[in-house]
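Everything below concerns the one structure shown next.
The values are calculated or read from the model by the stated rules, or taken from the named source; none is laboratory data. These numbers were taken from a predicted model, which means no experiment stands behind them. Note: ideal-geometry Cβ built from the backbone for every residue, glycine included; neighbour counts use all protein chains shown.
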Amino acid sequence: MKYACDLLGITYPIIQGGMGNISNAPLTSAVSEAGGLGTVGAGTMPSDEVEKLILDIKSKTTKPFSLNIPISVTKYTNELIDLAIKHRIAAVSLSAGNPAPFIPILQRNDIKAIVIVASVKHAIKAEEAGADVLVAEGFEAAGINSSLELTTFSLIPQIVDKVGIPVFAAGGIADGRGLAAALMLGASGVQMGTRFVAVREAPFHKAYKEKVLHSDDLGTIILGRSLGRVRRVLKGDYAASLIDSEKKGMTEEEFLEKTSEQFHVKGAIQGDFEKGYVNGGQAAGLIQHIPSVKQLFEEMMEQTQNQIKCVDKQFQ
């Protein structure tokens, strides 16, 4: 764990998941300032919009942060890589595509390459390509997800057994118990997304935060399974209408249009769940309050230590 933290220049073994087009400077900088690795997600935004976010973040923190580039989602991968180099960003996380061509470029410029994976096969390939860190994401996670549907609890130890670089666990984690469990499975830390929706610094619509707080174990649904375009979202009217359309034979093209980032913005930023959706992972059912990021990290680390001590006592 300490090695992974030192590698990324962070105090706590916690990475913020990329949030695509709802990424913002207040939350990313707050995560980094509190000792984690804040992340700005490029989503489908043009590179000039992403650069504005980067500059805003840099005006709010001098701590390391990451840029998430979803390779097959954005049209601007090369431009975004150039931005990371230009602004000396500490780390770039690569997802939704083949990271191999970009890892050497990043490392030549002293940028850590984090690769998001969802299977042992992809983890091995990412390590062979030179990745510094892996984020292994289980099917519990929010947003665009792997159609392989492997859960975090089964995925992490299998990947840890096959690679020699730090692995961060993602999917279904929202508190110190999840961090403790990830460490017991061999991970070096965790990546969280849904948990950061419900923190004070997150400038999302109040209705989005309330929806997370009032969620339960059955509060999420999967869109796009029949089309091989899996996305986990919180339940809502618009999401339900997409499920109905999918059952009636919605095409892949129609699905991609109706789940494009503009509809996520309608839900997350405007709070309109009749005309938009919000990403949400199964961890939503664990979230009961809205702390500051600093308070969240302190609570998580205390809970993690208590859980580990409890286990130690049971075996003494």
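For residues that are in contact (Cβ under 8 Å) with a residue 40 or more places away in the chain and either over 20 Å from the mean Cα position of the chain (by Cα) or not in a loop (DSSP other than H, G, I, E, B) (or both), scanning just the range 86-95, find the one that is surrounded by the fewest Cβ atoms within 10 Å (Cβ to Cβ). Steps first, please.
Taking the range 86-95 as the starting set, the residues that turn out to be in contact (Cβ under 8 Å) with a residue 40 or more places away in the chain are 90-91, 93, 95.
From what is left, the residues that are either over 20 Å from the mean Cα position of the chain (by Cα) or not in a loop (DSSP other than H, G, I, E, B) (or both) are 91, 93, 95.
Numbers: A91: 24, S93: 27, S95: 22.
The qualifying residue surrounded by the fewest Cβ atoms within 10 Å (Cβ to Cβ) is S95.
Filter the range 220-247 down to residues that are part of a helix (DSSP H, G or I) and either free of Cβ contacts under 8 Å to residues at least 24 places away in the same chain or aromatic (F, W, Y) (or both), then give me how many there are.
Going residue by residue through the range 220-247, those that are part of a helix (DSSP H, G or I) are 225-227, 237-247.
If we keep only those that are either free of Cβ contacts under 8 Å to residues at least 24 places away in the same chain or aromatic (F, W, Y) (or both) too, we end up with 226, 238, 240-241, 243-247.
Matching residues across the range 220-247 total 9.
Just to verify a result, which residue in the range 257-316, among those that are surrounded by 13 or more Cβ atoms within 10 Å (Cβ to Cβ) and charged (D, E, K, R), is modelled with the lowest pLDDT?
By that ranking, first place goes to E261.
Right, G38: small (G, A, S), modelled with pLDDT of 95 or more and within 19 Å of the chain's Cα centre (by Cα) or not? Spell out how you get there, then give the answer.
Numbers: small (G, A, S): yes; modelled with pLDDT of 95 or more: yes; within 19 Å of the chain's Cα centre (by Cα): yes.
Yes, satisfied.
When the residues of the range 96-137 are narrowed to those that are over 22 Å from L150 (Cβ atoms) and basic (K, R), which ends up nearest to the chain's Cα centre (by Cα)? So that I can check it myself, show each step before the final result.
Residues of the range 96-137 that are over 22 Å from L150 (Cβ atoms), as a first pass: 101-113, 130, 132.
Filter once more, so that each one left must be basic (K, R): 108, 112.
Values: R108: 25, K112: 17 Å.
My answer is K112.
State yes or no: is A113 free of Cβ contacts under 8 Å to residues at least 24 places away in the same chain and assigned to a strand (DSSP E or B)?
Working: free of Cβ contacts under 8 Å to residues at least 24 places away in the same chain: yes; assigned to a strand (DSSP E or B): yes.
Here the answer is yes, as A113 does meet what is asked.
Considering only residues that are touching a Phe, Trp or Tyr at 6+ places or on another chain (Cβ under 9 Å) and closer than 22 Å to A182 by Cβ, which ones fall in the range 31-60?
From the range 31-60, those touching a Phe, Trp or Tyr at 6+ places or on another chain (Cβ under 9 Å) are 31-32, 34-40, 42, 44-47, 50, 54, 57-58; that's our starting set.
V31, S32, A34, G35, G36, L37, G38, T39, listed by residue number.
Residue by residue, here is whether (1) in a helix (DSSP H, G or I); (2) in contact (Cβ under 8 Å) with a residue 40 or more places away in the chain; (3) in the same structural domain as G38 (by TED's automatic domain parsing); (4) not hydrophobic (A, V, I, L, M, F, W, C) holds:
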| site | (1), (2), (3), (4) |
| --- | --- |
| G249 | no, no, no, yes |
| H264 | yes, yes, no, yes |
| F273 | no, yes, no, no |
| K294 | yes, yes, no, yes |
| Q303 | yes, yes, no, yes |
| C310 | yes, no, no, no |
| K313 | yes, no, no, yes |
